[in-house]
Amino acid sequence: MLENIIYGMPFVLSAICVLLIVLFQMLDKSTKSYWKISTFCLLGCFFFDVVFYNKSVFEQYLRADYYTLFFKGILYITSLFSLFLARRWYATMATSGIMFCVGLLLIQMSAGIIVSSVNLALTFGAIGAFVFGNYIMLRHSEVKKATNFISSIYVLGALFFLAALLCSAIVLYADKASLNYEDLREYFLTNRLAFGSLSLVVIIILSIGYVFGFSPFHFWFTEAMGQMILPVFAYFILIFPIAAFALLGSLNLNVFIFYHQQLGIVYQIMAAVSMMVGAVGACSGKNLHKIMAYSALFNMGLMLSMVQNFSTASMGNMAIYLVIYLLTMYGILSAMFGLKSNGEYVFMLSDLSGAASKKSYICAMLTAYLFSLIGFPPFLGFFATFNTMKDLLNNHHLYLILILLSAWIVLMCAYLQIIRTLYFAKSNITYDRTERGIYGFLLINALSMVALWFFLEIFVVNIRFMMEAVFV
Amino acid sequence: MSGIILLMFLLPLIGCLFAMTSPKNTFNAFNVALLTLVSNIALILFLFDYLNVLTLQTAQIAQTYEWLANFNLNLTFRVNATSLIILLGIYIALIIGLKGLSSDMRQNKSLILTSLYFIWTMNGFCIAGDIVTFYIFFSAMLLPLFMMLGLFGYAKKSLPLFRFFMYNFLGIICLFVAMVLLCRHYNGNILLKNIAFVDMDKPLGIIVWMLVCLAFISRIPVWPFHYWISSVVSKIKNPLVYITVNLLPLTGLYGFVRFWPLSVPESVELLVPIIEVFSIVTMIFIALIGLVNKEFLFKLFSYNTIYYLLFLLAVILPTDTLKMNIAYSLFIFMIVNASLVVLELQMEEKCSQIGNYHPAIFAYTPRFTLVLSFFVLIAVGLPVSSFFWSNFVLISAIFKQSFTVGVFVMIAISMVAVVLINTLYDLRRRGTLNDTYMKITDISNKETLFWLSVVCILMLSFFNPLWFVL
C-alpha cells in the first residue's frame, strides 16, 4: 500500500498542489505562493519519477521504464524552464500567473500520463485533460479578442476529435473487451486486413495530429501561437513535441505496428505537409511568435518523418533530434525573454530592429541558436540534421529528402530575415535592462550544448538504449 | 606534434574568446588578433620545419579526434605542405588587412571577433582530413563572412547580401547531401584520400561528384553565377572585409585541390570539359568587364576571378604534380591581392579627404607610387617573384593538355595585366603640378618600410618559394 502511494506520488503531488494553489488564492488573492508551490511540485514529481523510474502504481495501466524516464525527464526540465522564465515575465507585467501555473501542472500531469499509459482509454482520457489544460492556457492568454476566438475554435475541433477517439475506443472495446496495448496489438494483428480496423487507426492518428498541431490541422496552432503571451507560447512550443512523439512512438511500436505500411503513408503526408507549410509560413510572417511557431511545425514534421519508420533505430534518431531541438529552443526562448522595450516583450519582427547594437550578447546567442536550429555546423544542430538525413536515406525516403532540402532553403530565408532585422536594420528602439538570470540561462544552455558536442557518443548510445525500452 | 596541430587549429578560437572579454572601444581586441595571427604563423613555420624540406611534397601529419567512435564518425585533421603554404598566405594577407584598418575600425570588437572566428573556420577547412570535418568548416565559414559583410562591408542594400548568402547556402546543401551519401555508403566517416575508393553505383557516383563540384563551383564566381559575388565585393570599403570575402573563391578552389585528381573516380572526368568551358567563358567575360570598368576595386575583382579560374583549370588537369606550384602561386597571389586592396582603399580615403577621387597622384606621392608599382608588377606575373615561375609551369601544363584552352587563358591573363598596368598609367602626372593635389599626404616612412618588407618576401620567393623555411 505504502509502495503504491510512493510510486503514485507524482500524480498525488500534482493534484494536491493544484488544490493548494486554488485554496491559497481563494484565501489571499495577492499571494504569489503559486510559483513556489508549482516549482516544489515539479521538483518533487521529478524526484519520484527518476528515483522510481521502473516502478509503476498501476502496472496494468501505466508503465515505468527507460522510455518513460526519458520523456518524463525532458517534460519536467521543460516545465521547470518555462516556470522560471514565466515567473519573471509575470513579475514584469505585474499580472497574476495562477492560471498559468494551474494550466502548466494540469498539462504536465496529463502529458505524464500520456507518456506512461499502456491503456488506450487512459491515453484518450489524458489527451482530453491535455486539451483542457491547453484551453485554460489559451483563455488565460487573452491578449486580444483573437485569442478568445482561436481558443473556441480549438476546443470545438478538439471536442470533435475527442468524440472520434471516444467512438474508436468504444468500438475497440466492444470487439476486444480490453483497451490495453498488448491486447489491442493482438486484435490488430488478427484484423489487420479489415478496412474498419484501418479506418479506426487512421482516425486515432488524425485526432492526435489535430491535438498536437500537425499539418493539415496546424491552423489553430500557428494562429494561437501568433497571439499568445510569451510564457504560454514558450510552454506550448516546447511541450507539444515531447508529448506528441512519446505518444506516437509508443502507439506505433506497441499497437499499430502491423499497419506500418499504411500508416507510413499517412505519416509521410503529414510530415511533408508540415515541413513545407512550416517553412513557407515562417517566411511570410512578420509576427515573431508566428515565425517560431511555423519553425516548430517544420521541426515537428521532420521528427514525424522519422517516427513513420516504425523502428527503434528511427525512434532513437527522433529522440536525439528532439533533445537537440529542445536545447536550441531553450536558448532562443531565453533570448526572447531577455529582449523587452518599455516593459513590453518582443512580439513583432520589427521589435527586433537594430537590437544587436544594444543587446549584442543576447543577439549573438540568438543568431547562434537560429543557425543551430537550421543545422549549420559547427553548432550541435548539425549533428541532428546529419542524423536525420542518414535516417531518411537508410529508409529510402527520397521524396521526403527532396522536400526536406527545399524546406530548409525556404526556412533559411525566414531565419535570415530575423538576423537581418537584428543586425542590419536601423531603429531607435531602446531595450530595458535584462535580468542576470537570463544571461545565466543563455550561458548555461550554451555550455550544455558545447559539452554535449564533446560527449555526443555517450548521449547517443544512452538515448538509443532508452528507446529500445519502448516495447510494452 | 599532434598537440601542435591542435594548438594551431584552436588558436584563433582562443583568441576569439580573449577578444570577447576585452573592453569595447580599445585596441585590445585588435592586438589579440594580431598576436594570434603572428603566433599561428610561427607554428606554421615550425610545422614546415618538422615536415622536412626534403620530403615536403609527400610528408604529412595527421591527428584524429574520436568524436563518435562507435558510429565510425571520427574527425581527422591532416597537415601537409600545400595546406600550410595556403594557410600561411591567408595569415599574411589578413595581417595586411588588419594593418589597413582605420583607427576606428581597429577598435571595433565585433569586426575582430568575426574575423577571428572566420580564421578559425579557415584553419579547420584547410587542415580537414575527412569529409565530415571538411563539410563542417566549409559551411561554418559562411556565418562570420555574412556578418562581416552585413555589418562592415556592405552599406545599404541587403538584397545582394541575401542573395550572396542563399547562393552559398545552396552550395552547402549540395556538399551536405554528397557527404551524407558518402558516409552512408562507407558506413561512417571517410578520409578524403579514400573517397575515390567508395563503392558506389556509377549513376550515384556521378550524382555525388556533381554535387561536390557544384558545391565548390558555387564559391568561385563562374559565369553565369559570377554576379552574386561581384555585386557584393565591388561596394566593400573595409580592407579586411574585402580580403576575407575574396578568400571565399579560394575555398572552392582548395576543395578541388584536395579532391582532384587522385581522390576522384574516373567517371567524374565527364565534368572536366564542362568546367573548362565555363571557366574560359567567365575569364574572357570578366576580363572584358575589367577593361571597361573604371573602378580599381572592380578591376581587382576581375584580376582575382581570372587567376582563381586559372588555378582551377590547373587543378583539374589529370596530374597530381602541380599542387605545390598552385600552392606557391596562391601564396603570392593572396599577399599581392591583399596589399593592392589596402593600398587602394587607403589612397581612396586620402583622396576623398581633399574632395577628389584619384587625381594624378603619382607625382605627389612617390613612396606610394613605388610600392603600388612593385605590387602591380608582381601581380601581372613579371619575373620578380615565384608567381612568375609557378604560373609559367601551370600555363605550360594547360597548353600541353589543350592548346585551345591555353590560348584563351593567355588572352584573359594578358587582358587583365593590361587592366592593372593601365591603372598605373591613369595615375601618372598630367600637366603642371596642382596645388590642391599637393595636400595629399604620401604614405609614411614606417609604412613604406612595411610594404617594402612585404615586397622583399615576395621577391625572395623568386629564388626559392619556401626561402623562409630554415
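In this structure, does B:Asn70 turn out to be free of Cβ contacts under 8 Å to residues at least 60 places away in the same chain, surrounded by 17 or more Cβ atoms within 10 Å (Cβ to Cβ) and in contact with a helix residue (DSSP H, G or I) (Cβ under 8 Å, 6 or more places away or on another chain)? Considered against the rule, which asks whether it is free of Cβ contacts under 8 Å to residues at least 60 places away in the same chain, surrounded by 17 or more Cβ atoms within 10 Å (Cβ to Cβ) and in contact with a helix residue (DSSP H, G or I) (Cβ under 8 Å, 6 or more places away or on another chain), B:Asn70 comes out as no. Quick check on the range A:409-421: of everything there that is open to solvent by less than 10 Å² (accessible area, probe 1.4 Å) and at the interface with chain B (Cβ under 10 Å from one of its Cβ atoms), which residue is nearest to A:Met276 (Cα to Cα)? The qualifying residue nearest to A:Met276 (Cα to Cα) is A:Met412.
Residues in the range B:159-203 that are under 25 Å from B:Ala69 (Cβ atoms), open to solvent by 10 Å² or more (accessible area, probe 1.4 Å) and more than 11 Å from chain A (Cβ to nearest Cβ): B:Tyr186, B:Leu191, B:Lys193, B:Asn194, B:Ala196, B:Phe197, B:Val198, B:Asp199, B:Met200. Residues in the range A:429-441 that are of a type outside the set (Ser, Thr, Tyr), open to solvent by 30 Å² or more (accessible area, probe 1.4 Å) and touching a residue at least 40 places away in the same chain (Cβ under 8 Å): A:Ile429, A:Asp432, A:Glu435, A:Phe441.
If you check B:Asn189, B:Asn194, B:Asn168 for being in a helix (DSSP H, G or I), of a type in the set (S, T, N, Q) and modelled with pLDDT under 90, only one passes: B:Asn194.
Run down B:Ile131, B:Ile95, B:Ile112, B:Ile127 and say which single residue is open to solvent by less than 10 Å² (accessible area, probe 1.4 Å) and either basic (Lys, Arg) or over 22 Å from B:Ala178 (Cβ atoms) (or both). Explain how you work it out, then say what you get.
On the way: B:Ile131 fails: either basic (Lys, Arg) or over 22 Å from B:Ala178 (Cβ atoms) (or both); B:Ile95 fails: open to solvent by less than 10 Å² (accessible area, probe 1.4 Å); B:Ile127 fails: either basic (Lys, Arg) or over 22 Å from B:Ala178 (Cβ atoms) (or both).
It is B:Ile112.
Residues that are open to solvent by 60 Å² or more (accessible area, probe 1.4 Å) and assigned to a helix (DSSP H, G or I): does the range A:96-116 have at least one? Within the range A:96-116 (the criterion being open to solvent by 60 Å² or more (accessible area, probe 1.4 Å) and assigned to a helix (DSSP H, G or I)), the answer is yes, since at least one residue qualifies.
At least 2 residues that are in contact with a Ser or Thr (Cβ under 6 Å, 6 or more places away or on another chain) in each: list the helices (runs of 4 or more DSSP H) lying fully within the range A:169-271 that qualify. Steps first, answer last, please.
Details: elements: A:181-190, A:195-212, A:219-227, A:230-254.
Of the helices (runs of 4 or more DSSP H) lying wholly inside the range A:169-271, those with at least 2 residues that are in contact with a Ser or Thr (Cβ under 6 Å, 6 or more places away or on another chain) span A:195-212, A:230-254.
Selection of the range A:388-397 for residues being more than 9 Å from chain B (Cβ to nearest Cβ) and either over 22 Å from A:Leu297 (Cα atoms) or polar (S, T, N, Q) (or both) yields A:Thr388, A:Asn395, A:His396. Considering the range B:115-124, and only residues there that are within 13 Å of chain A (Cβ to nearest Cβ) and open to solvent by 10 Å² or more (accessible area, probe 1.4 Å), the residue that is nearest to the chain's Cα centre (by Cα) turns out to be B:Trp120. If you go through the range A:168-181 and keep only what is in contact (Cβ under 8 Å) with a residue 24 or more places away in the chain and surrounded by fewer than 17 Cβ atoms within 10 Å (Cβ to Cβ), you end up with A:Val171, A:Tyr173.
Here B:Asn31 fulfils each of the conditions (1) open to solvent by less than 70 Å² (accessible area, probe 1.4 Å); (2) away from chain A (no Cβ under 14 Å); (3) polar (S, T, N, Q); (4) over 22 Å from the mean Cα position of the chain (by Cα) apart from (1).
For A:Ile444, the conditions (1) facing chain B (nearest Cβ under 10 Å); (2) part of a helix (DSSP H, G or I); (3) surrounded by fewer than 20 Cβ atoms within 10 Å (Cβ to Cβ) all hold with the exception of (1).
Among the residues of the range B:99-117, those that are of a type outside the set (Ser, Thr, Tyr), touching a helix residue (DSSP H, G or I) at 6+ places or on another chain (Cβ under 9 Å) and over 12 Å from B:Gly15 (Cβ atoms) comprise B:Lys99, B:Gly100, B:Leu101, B:Met105, B:Arg106, B:Gln107, B:Asn108, B:Lys109, B:Leu111. How many residues does the range A:338-387 hold that are more than 29 Å from A:Ser406 (Cβ to Cβ), open to solvent by 10 Å² or more (accessible area, probe 1.4 Å) and either acidic (Asp, Glu) or more than 14 Å from chain B (Cβ to nearest Cβ) (or both)? Within the range A:338-387, residues that are more than 29 Å from A:Ser406 (Cβ to Cβ), open to solvent by 10 Å² or more (accessible area, probe 1.4 Å) and either acidic (Asp, Glu) or more than 14 Å from chain B (Cβ to nearest Cβ) (or both) number 8.
Looking at A:Ile21, A:Ile16, A:Ile5, which one is touching a residue at least 60 places away in the same chain (Cβ under 8 Å) and either surrounded by 13 or more Cβ atoms within 10 Å (Cβ to Cβ) or in a helix (DSSP H, G or I) (or both)? Outline the logic, then answer.
On the way: A:Ile16 fails: touching a residue at least 60 places away in the same chain (Cβ under 8 Å); A:Ile5 fails: touching a residue at least 60 places away in the same chain (Cβ under 8 Å).
Residue meeting the stated conditions: A:Ile21.
Among the residues of the range A:118-134, the one identified as in contact with a Gly (Cβ under 9 Å, 6 or more places away or on another chain), of a type in the set (Gly, Ala, Ser) and farther than 21 Å from A:Glu59 by Cβ is A:Gly133.
Number of residues in the range B:258-274 that are modelled with pLDDT of 85 or more and either in contact with an Asp or Glu (Cβ under 6 Å, 6 or more places away or on another chain) or open to solvent by less than 20 Å² (accessible area, probe 1.4 Å) (or both): the value is 0.
Can you report the number of residues in the range A:174-208 which are under 19 Å from A:Ser117 (Cβ atoms) and of a type in the set (Gly, Ala, Ser)? I'd like the intermediate steps shown before the answer.
Let us first name the residues in the range A:174-208 that are under 19 Å from A:Ser117 (Cβ atoms), namely A:176-188, A:200-201, A:203-205, A:207-208.
In the following step, the residues that additionally are of a type in the set (Gly, Ala, Ser) were identified as A:177-178, A:207.
So the count comes out to 3.
Rundown of residues vs (1) open to solvent by less than 10 Å² (accessible area, probe 1.4 Å); (2) over 26 Å from A:Ala407 (Cα atoms), yes/no style:
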site: A:Ala194; (1), (2): no, yes
site: A:Leu198; (1), (2): no, yes
site: A:Val211; (1), (2): yes, no
site: A:Phe217; (1), (2): no, no
site: A:Thr222; (1), (2): yes, no
site: A:Tyr235; (1), (2): yes, no
site: A:Ala246; (1), (2): yes, no
site: A:His260; (1), (2): no, no
site: A:Tyr267; (1), (2): yes, no
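A single member of B:Thr244, B:Thr251 is at pLDDT 80 or above, within 26 Å of B:Asn74 (Cα to Cα) and in a helix (DSSP H, G or I), and it is B:Thr251.
Does A:Leu138 satisfy the condition of being within 23 Å of the chain's Cα centre (by Cα), touching a residue at least 24 places away in the same chain (Cβ under 8 Å) and assigned to a helix (DSSP H, G or I)? So A:Leu138 fits the description; yes. Filtering A:Ala64, A:Ala121 for residues that are under 30 Å from A:Thr312 (Cβ atoms), among the small types (Gly, Ala, Ser) and touching a helix residue (DSSP H, G or I) at 6+ places or on another chain (Cβ under 6 Å) leaves a single hit, A:Ala121.
Being facing chain A (nearest Cβ under 10 Å), in contact (Cβ under 8 Å) with a residue 40 or more places away in the chain and within 30 Å of B:Asn194 (Cβ to Cβ), is that true of even one residue in the range B:143-152? Scanning the range B:143-152 turns up no residue that is facing chain A (nearest Cβ under 10 Å), in contact (Cβ under 8 Å) with a residue 40 or more places away in the chain and within 30 Å of B:Asn194 (Cβ to Cβ). Assess whether B:Ser139 counts as being hydroxyl-bearing (Ser, Thr, Tyr), open to solvent by 10 Å² or more (accessible area, probe 1.4 Å) and closer than 30 Å to A:Ile374 by Cβ. Judged against the criteria, B:Ser139 is not a match.
If you go through the range B:275-315 and keep only what is surrounded by fewer than 20 Cβ atoms within 10 Å (Cβ to Cβ) and within 19 Å of the chain's Cα centre (by Cα), you end up with B:Leu297, B:Phe298.
Among the conditions (1) under 25 Å from A:Leu251 (Cβ atoms); (2) open to solvent by 10 Å² or more (accessible area, probe 1.4 Å), A:Phe130 misses just one, which is (2).
The values are calculated or read from the model by the stated rules, or taken from the named source; none is laboratory data. Fair warning: this is a prediction, and the values are worked out from it, not measured in the lab. No Cβ is skipped: glycine too gets one built from the backbone with ideal geometry, and neighbour counts run over all protein chains shown. Surface accessibility is based on the protein's heavy atoms, side chains included, excluding ligands, DNA and RNA. Shrake-Rupley method; radii C 1.70, N 1.55, O 1.52, S 1.80 Å.
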